[in-house]
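Right, one structure below, let's go through it.
The values are calculated or read from the model by the stated rules, or taken from the named source; none is laboratory data. It should be emphasised that the depicted structure is a prediction, and the values quoted were computed from it without experimental measurement. Cβ coordinates were reconstructed from backbone atoms using ideal geometry, including for glycine residues, and neighbour counts include every protein chain displayed.
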Amino acid sequence: MTVVVGWTADARGRAALVQGAHVARLRGQELVVVNATTGTAVVDDRFAGASALEEVRRLLASLGVDAEVRQPVVRDVTEALLEVADEVRATVLVIGLRHRSPVGKLIMGSTAQRILLDARCPVLAVKAEEPAR
Amino acid sequence: MEALLEGLGMALQPENLVYAVVGVLLGTAVGVLPGIGPAMTVALLLPVTYNVSPSAALIMFAGIYYGGMYGGSTTSILLNTPGESSSVITALEGNKMAKTGRAAQALATAAIGSFVAGTISTVLLVALAPTVAEWVVVLGAPSYFALMVLALIAVTSVLGSSKLRGFISLALGLTIGLVGTATGQARLTFDNPLLADGIDIVVVAVAIFAVGEALWVAAHLRRRPLEVIPVGRPWMDREDWRRSWKPWLRGTAFGFPFGALPAGGAEMPTFLSYITERRLAGRHRAEFGKGAIEGVAGPEAANNASAAGTLVPLLAIGLPTTATAAVILAAMQGYGLQPGPQLFEAEPELVWTLLGSLFVANTLLLVINLPMAPLWARLLRIPRPYLYAGILFFAVLGAYSVNFQWFDVALLGLFGALGFAMRRFGLPVLPLIVGVILGPRLEEQLGQALQLSQGDVSALWGEPVAVVVYVVIAALLLGPLVLRLIPGRQEPEQLEDEIGALEDEVRS
Amino acid sequence: MSTAGGAATPSGVIAPEGTATRVDPGPDRAQYGLAAVLAVIGAWTVVDSAGLGPGFADQAVRPAAFGYVIGSALVLLAVLLAVATARGDRAEGEAGEDVDLDRGTDWRTLAGLAGVLVATVALIDWLGWAVVGALLFAGAATVLGNRHWVRNLLIGAVLSVASWYGFYVGLGIPIPPGVLDGVL
């Protein structure tokens with residue numbers, strides 16, 4: 001029984017992580033943080049480097065949650081996340097959302113949408129705190 | 001001198017200036033992007049430039065060559081990915097500097113050092129190349145033949161780790177050069193009329209450099225993303241300047257001669273510059289290995305100076321000693337220009353415009369690139385699928401635009417597979433390309449030499465220069481063997497070991 | 001699709017996989033294949049040269065001469081390579097700036113790219129550059145791992161049409177329009 005968080009090293013990833021940590025602590029369950037990358041760019045901003053990783057560990061420690069952080073290099077980030085969820089028999093999968101324009105949705109496709117449709121466990125979607133407009 | 005000023009004037013004309021800017025920007029971009037180098041870029045641009053004036057194209061290529069050297073240092077410092085052997089040493093101290101928050105200074109000393117070294121070397125080039133050309137022009141076919149053999153042997157046996165693999169690559173290149181009916185009879189054409197004119201060097205160069213590399217990277221596509229060190233605008237304080245200027249000059253002194261020698265390469269001089277700086281560092285010696293600015297300034301200057309140095313044999317004798325120089329040579333042949341001594345007599349305006357544009361390119365690099373370093377680092381976020389799909393796209397376009405035939409695209413695929421295999425088996429690329437280019441010319445010169453002597457083979461060593469060159473070749477081939485036989489004299493191996501150790505240190 | 005390209009590593013361990021396979025791998029068998037190919041090319045070059053005529057009277061170097069020399073050199077090098085391989089010589093793949101040799105060769109991607117290239121060769125004369133170029137870019141990008149094929153096609157189409165016009169109008173290189181004759 002585990003809480004799985006799809007984490008990216010940005011604002012929405014952080015929102016999802018914090019939410020996931022709270023859920024895990026409330027339920028008294030383990031937390032698995034997945035930070036996957038396709039590894040197709042030399043530099044991937046959403047893939048956590050050493051300093052970001054350290055910061056997250058500190059954050060989780062301060063929240064009092066014991067977590068496992070995985071950083072797989074995979075063909076497809078969405079599938080990798082779903083696979084981890086299956087593997088650890090997740091009770092809930094926490095993901096971060098970002099705002100998308102209609103055109104953006106059409107061209108880019110949506111990771112979140114595929115997760116919502118394909119996940120075999122409940123999905124908790126969190127939005128990053130957006131700066132006031 | 002007057003000719004040079006005229007050349008500078010030509011280079012500063014708006015049209016030429018635009019080509020120089022494009023070349024410099026493109027060169028820096030491909031230098032920054034891992035996996036793409038100046039040789040591949042120039043090869044991909046070959047078909048495009050056939051309809052541009054030769055001087056414009058050459059100005060652009062020179063900009064790409066210099067820019068590529070510069071861009072490589074940026075990734076070495078910010079990412080610690082020394083891809084080309086010439087920037088391994090830069091990564092050694094440069095990346096350490098970046099990690100301790102001195103990325104801006106490391107980039108600045110690399111950029112300014114490149115400028116200083118490039119400018120001094122270009123002055124040397126201007127002084128030296130015409131003299132060498134004058135000296136070479138009186139040589140007869142036998143000497144010229146000997147020089148070409150020297151170039152082939154040098155790029156094959158001096159560079160690279162395995163001589164056997166070097167010669168395999170060379171033989172393959174010469175075989176490709178055989179194809180066609182240049183001798184009046186169809187050789188290796190498989191009775192295919194499409195092969196009668198030989199295999200277009202554009203197709204071979206694009207296939208080996210672009211398609212082969214794209215396939216090779218595709219086979220090792222996924223890897224952990226690297227962390228790029230954020231950096232602002234490069235700058236140096238007074239202390240950095242004081243510590244940098246001597247290494248710049250010493251680096252130049254190492255780099256230029258090594259570049260000008262056949263197959264001197266950029267690896268040796270950067271390494272020599274590094275150990276020299278470490279030895280001379282005095283009270284800063286303790287900083288070496290932890291980010292000493294001298295260790296960036298010297299090697300960066302050396303590697304740029306050697307780039308300028310390679311233009312001496314290219315322009316004055318028509319001998320390419322690096323991959324990029326080889327592709328530029330192919331471009332010149334595509335224009336019907338014969339690089340070498342004749343070029344200075346037949347096309348003085350072109351030569352001097354090119355030389356003038358080297359100064360312009362150097363200055364542009366400094367002026368444009370110093371403020372743009374953070375922007376260049378952003379290029380690293382381009383996903384490889386787009387990068388390499390784009391390379392394949394332009395490679396096919398280039399091959400197709402030669403004759404508008406599917407056959408050329410098929411050849412492109414075939415040689416692309418060869419390029420992949422060469423990378424898989426560790427066969428060096430340079431001997432193959434040089435073999436394809438020089439093979440037919442070698443045959444031509446041999447024919448001329450023997451025709452003049454009416455078939456008397458001894459004419460081949462009838463000229464004193466030819467004899468000297470053959471002695472040098474013998475020394476190149478037998479030297480390492482002899483050195484190994486003398487006990488206690490194993491410096492070359494020692495040097496190689498030390499370079500290997502340094503490379504391991506950087507990669508770990 | 002399963003865990004192709006790297007399974008989940010426990011708690012952020014930063015180490016590439018596949019490094020453990022470096023223990024005495026035996027002779028590099030593929031190098032025998034390379035040697036065989038070299039020998040065949042060399043032998044064919046010699047045979048081809050043997051079939052050539054004596055050349056013109058003023059040709060001091062017979063057209064066959066270079067073929068003989070290079071062909072036999074290739075055969076000799078092939079033998080040397082085979083011997084070196086048998087004695088334990090291993091090829092060291094080119095470790096480029098963007099290549100991580102610790103990971104195995106990704107044959108699936110390679111096969112996909114080869115397929116895209118073959119299709120390009122087969123279709124280019126018929127469909128013309130503007131169409132084939134777009135397919136080439138989209139196909140290659142998709143095979144290389146970018147799943148957004150609609151976007152890939154759009155980019156490819158823009159690139160190929162722009163490059164067609166660029167070559168035709170800008171550089172004066174008349175690339176045949178293919179099936180889009182009259183449209184472009």
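May I ask you to verify whether B:THR49 is buried (at least 20 other Cβ atoms within 10 Å of the Cβ), of a type outside the set (A, V, I, L, M) and free of Cβ contacts under 8 Å to residues at least 60 places away in the same chain?
Spelling it out, it is not the case that B:THR49 is buried (at least 20 other Cβ atoms within 10 Å of the Cβ), of a type outside the set (A, V, I, L, M) and free of Cβ contacts under 8 Å to residues at least 60 places away in the same chain.
For the list (1) more than 7 Å from chain B (Cβ to nearest Cβ); (2) under 30 Å from B:ILE382 (Cβ atoms); (3) buried (at least 22 other Cβ atoms within 10 Å of the Cβ), I need the number of the one condition that C:GLY71 fails.
So the condition that C:GLY71 fails would be (2).
Tell me which of these B:LEU272 doesn't satisfy, since it passes every other one: (1) outside any helix (DSSP H, G or I); (2) touching a helix residue (DSSP H, G or I) at 6+ places or on another chain (Cβ under 6 Å).
Condition not satisfied by B:LEU272: (1).
Could you tell me whether segment B:194-207 includes any residue that is in contact (Cβ under 8 Å) with a residue 24 or more places away in the chain and closer than 27 Å to B:TRP376 by Cβ?
yes
Select from segment C:128-167 the residues that are farther than 30 Å from A:THR37 by Cα and free of Cβ contacts under 8 Å to residues at least 12 places away in the same chain and list them in ascending order.
Result: C:ALA162, C:GLY166, C:PHE167.
Please go through (1) assigned to a loop (DSSP other than H, G, I, E, B); (2) surrounded by 17 or more Cβ atoms within 10 Å (Cβ to Cβ); (3) more than 8 Å from every other protein chain (Cβ to nearest Cβ) for B:PRO230 and return the number of the only condition it doesn't satisfy.
With respect to (1) assigned to a loop (DSSP other than H, G, I, E, B); (2) surrounded by 17 or more Cβ atoms within 10 Å (Cβ to Cβ); (3) more than 8 Å from every other protein chain (Cβ to nearest Cβ), B:PRO230 is out only on (2).
Could we say that C:ILE175 is crowded, with 21+ Cβ neighbours inside 10 Å, at pLDDT below 90 and not polar (S, T, N, Q) here? It would help to see each step written out before you state the result.
Numbers: crowded, with 21+ Cβ neighbours inside 10 Å: yes; at pLDDT below 90: yes; not polar (S, T, N, Q): yes.
The answer is yes for C:ILE175.
Taking A:VAL73, is it free of Cβ contacts under 8 Å to residues at least 40 places away in the same chain, within 27 Å of B:PRO34 (Cα to Cα) and in contact with a Leu (Cβ under 9 Å, 6 or more places away or on another chain)?
Criteria not met by A:VAL73.
Taking helices (runs of 4 or more DSSP H) that fall entirely within segment B:338-450, which contain at least 1 residues that are within 26 Å of B:TRP216 (Cβ to Cβ) and either among the charged types (D, E, K, R) or more than 8 Å from every other protein chain (Cβ to nearest Cβ) (or both)?
Per the criteria, B:348-378, B:384-403, B:406-424.
Within segment C:117-129, how many residues turn out to be crowded, with 22+ Cβ neighbours inside 10 Å and more than 8 Å from chain B (Cβ to nearest Cβ)?
Within segment C:117-129, residues that are crowded, with 22+ Cβ neighbours inside 10 Å and more than 8 Å from chain B (Cβ to nearest Cβ) number 1.
For segment C:104-153, give me the residue count where each residue is at positive phi and within 18 Å of the chain's Cα centre (by Cα).
Residues flagged as at positive phi and within 18 Å of the chain's Cα centre (by Cα) within segment C:104-153 amount to 0.
When the residues of segment B:266-279 are narrowed to those that are under 9 Å from B:SER86 (Cβ atoms) and either in contact with a Pro (Cβ under 8 Å, 6 or more places away or on another chain) or surrounded by 24 or more Cβ atoms within 10 Å (Cβ to Cβ) (or both), which ends up modelled with the lowest pLDDT? Can you show your working first?
Step one: list which residues in segment B:266-279 are under 9 Å from B:SER86 (Cβ atoms), which gives B:266-267, B:269-270.
In the following step, the residues that additionally are either in contact with a Pro (Cβ under 8 Å, 6 or more places away or on another chain) or surrounded by 24 or more Cβ atoms within 10 Å (Cβ to Cβ) (or both) were identified as B:266, B:269-270.
Working: B:ALA266: 76, B:PRO269: 88, B:THR270: 89.
The selected residue is B:ALA266.
State yes or no: is C:ALA141 modelled with pLDDT of 85 or more and in contact with a His (Cβ under 9 Å, 6 or more places away or on another chain)?
Details: modelled with pLDDT of 85 or more: yes; in contact with a His (Cβ under 9 Å, 6 or more places away or on another chain): yes.
For C:ALA141, the condition - modelled with pLDDT of 85 or more and in contact with a His (Cβ under 9 Å, 6 or more places away or on another chain) - is met.
When you go through C:ASP102, C:ASP106 one by one, which is the residue that is touching a Pro at 6+ places or on another chain (Cβ under 7 Å) and charged (D, E, K, R)?
None of the other options fit; the residue is C:ASP102.
Please list, ordered by first then second residue, the pairs with beta carbon atoms under 6 Å, 6 or more apart or interchain, first in segment B:100-112 and among the polar types (S, T, N, Q), second in a helix (DSSP H, G or I).
B:GLN105/B:ASP240; B:THR109/B:SER244; B:THR109/B:VAL296; B:THR109/B:ALA297
Farther than 21 Å from B:THR156 by Cβ and either more than 10 Å from chain B (Cβ to nearest Cβ) or at pLDDT 85 or above (or both), is that true of C:ASP28? Write out each step before concluding.
Numbers: farther than 21 Å from B:THR156 by Cβ: yes; either more than 10 Å from chain B (Cβ to nearest Cβ) or at pLDDT 85 or above (or both): no.
Judged against the criteria, C:ASP28 is not a match.
Go through segment B:123-215 and tell me which helices (runs of 4 or more DSSP H), entirely inside it, have 2 or more residues that are among the charged types (D, E, K, R). Steps first, please.
On the way: elements: B:141-157, B:163-178, B:201-206.
Passing ranges, in order: B:163-178.
Of all residues in segment A:69-94, which are at the interface with chain C (Cβ under 7 Å from one of its Cβ atoms) and either outside any helix (DSSP H, G or I) or among the polar types (S, T, N, Q) (or both)?
A:VAL69, A:ARG70, A:GLN71, A:PRO72, A:VAL73, A:VAL74, A:ARG75, A:ASP76
Just wondering, is there one or more residues in segment A:93-100 that are of a type in the set (Val, Ile, Thr), closer than 15 Å to A:GLY20 by Cβ and crowded, with 21+ Cβ neighbours inside 10 Å? Spell out how you get there, then give the answer.
Residues of segment A:93-100 of a type in the set (Val, Ile, Thr): A:94-95.
Restricting the remaining residues to those that are closer than 15 Å to A:GLY20 by Cβ gives A:94-95.
Right, trim to crowded, with 21+ Cβ neighbours inside 10 Å and you get A:94-95.
The answer is yes; a qualifying residue exists.
Go through segment A:10-68 and report how many residues are of a type outside the set (S, T, N, Q) and in a helix (DSSP H, G or I).
The number of residues fulfilling the criteria is 28.
Quickly run through segment C:152-177 and pick out the residues that are of a type outside the set (Gly, Ala, Ser), in a helix (DSSP H, G or I) and within 10 Å of chain B (Cβ to nearest Cβ).
The answer is C:ASN152, C:ILE155, C:LEU159, C:TRP164, C:PHE167.
Would you pick out the residues in segment B:188-208 that are surrounded by fewer than 23 Cβ atoms within 10 Å (Cβ to Cβ) and of a type outside the set (Val, Ile, Thr)?
Passing the criteria: B:LEU188, B:PHE190, B:ASP191, B:ASN192, B:PRO193, B:LEU194, B:LEU195, B:ALA196, B:ASP197, B:GLY198, B:ASP200.
Do you know which residues across segment B:423-437 are over 14 Å from B:SER162 (Cβ atoms) and touching a Leu at 6+ places or on another chain (Cβ under 8 Å)?
The answer is B:LEU432, B:VAL434, B:GLY435, B:VAL436, B:ILE437.
Among residues belonging to segment B:318-343 that are closer than 24 Å to B:VAL30 by Cα and more than 8 Å from the chain's Cα centre (by Cα), point out the one that is surrounded by the most Cβ atoms within 10 Å (Cβ to Cβ).
Only one residue tops the list, namely B:VAL327.
Mind listing whichever residues of segment B:417-432 are within 16 Å of C:TRP107 (Cβ to Cβ) and of a type in the set (Gly, Ala, Ser)? First the steps, then the outcome.
Step one: of segment B:417-432, the residues within 16 Å of C:TRP107 (Cβ to Cβ) are B:417, B:420-421, B:423-424.
Across segment B:417-432, the qualifying residues are B:ALA417, B:ALA421.
Just give me the residues in segment B:161-198 being under 17 Å from B:ALA421 (Cβ atoms) and aliphatic (A, V, I, L, M), in sequence order.
B:LEU164, B:ILE168, B:LEU170, B:ALA171, B:LEU172, B:ILE176
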